[in-house]
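**Student:** First, the structure itself, so that you have it in front of you.
The values are calculated or read from the model by the stated rules, or taken from the named source; none is laboratory data. Note that the coordinates shown come from a computational prediction; the quantities given were computed from them, not determined experimentally. Cβ placement follows ideal geometry from the backbone for every residue including glycine, while neighbour counts extend to all protein chains displayed.
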Amino acid sequence: MAVNIGSLDKRITFLQYGNTTNDEGFEIDGWTPVATVWAAVKTLQGREYIAAATIQAERTTRFIIRYSKRMKSLLNNKMRVRYDGREFEIKSIINDNEANVTFTIIGEEVNVK
């Protein structure tokens with residue numbers, strides 16, 4: 001699958017949950033950046049549904065990034081993607097056509113209001 005490099009025009013950051021040290025030397029748990037890459041970003045759907053007598057919003061987004069051995073070894077479904085001040089839980093990671101050219105990452109936005 002050929003990818004138009006010009007379509008990879010958004011910066012996204014992959015986050016991993018773990019223990020880190022803050023500026024004051026204290027250990028804290030939280031999401032820390034592990035890689036920042038160029039991506040194409042496409043909204044797949046936006047749905048609202050009623051659950052437990054409240055309205056819940058769901059936003060699913062597709063991120064397409066270049067394939068690399070580093071990203072292949074790094075990416076997993078326990079990570080998040082940060083894009084434009086928002087965070088997305090990774091739902092799936094696909095090596096498009098098993099061609100080692102691009103990855104498609106499907107993410108669901110966290111804390112949608």
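**Student:** Within the stretch 78-113, take every residue that is in contact (Cβ under 8 Å) with a residue 60 or more places away in the chain, of a type in the set (A, V, I, L, M, F, W, C) and outside any strand (DSSP E or B) and give me the one that is surrounded by the fewest Cβ atoms within 10 Å (Cβ to Cβ).
**Tutor:** So, considering only residues that are in contact (Cβ under 8 Å) with a residue 60 or more places away in the chain, of a type in the set (A, V, I, L, M, F, W, C) and outside any strand (DSSP E or B), the one surrounded by the fewest Cβ atoms within 10 Å (Cβ to Cβ) is ALA99.
**Student:** Still on this structure, please answer the following. Residues being of a type in the set (S, T, N, Q) and either touching a Cys at 6+ places or on another chain (Cβ under 8 Å) or surrounded by 13 or more Cβ atoms within 10 Å (Cβ to Cβ) (or both): count how many of those fall in the stretch 61-77.
**Tutor:** Within the stretch 61-77, residues that are of a type in the set (S, T, N, Q) and either touching a Cys at 6+ places or on another chain (Cβ under 8 Å) or surrounded by 13 or more Cβ atoms within 10 Å (Cβ to Cβ) (or both) number 2.
**Student:** From GLU27, GLU48, grab the single residue that is more than 19 Å from the chain's Cα centre (by Cα) and modelled with pLDDT of 85 or more.
**Tutor:** Exactly one of GLU27, GLU48 is more than 19 Å from the chain's Cα centre (by Cα) and modelled with pLDDT of 85 or more, namely GLU27.
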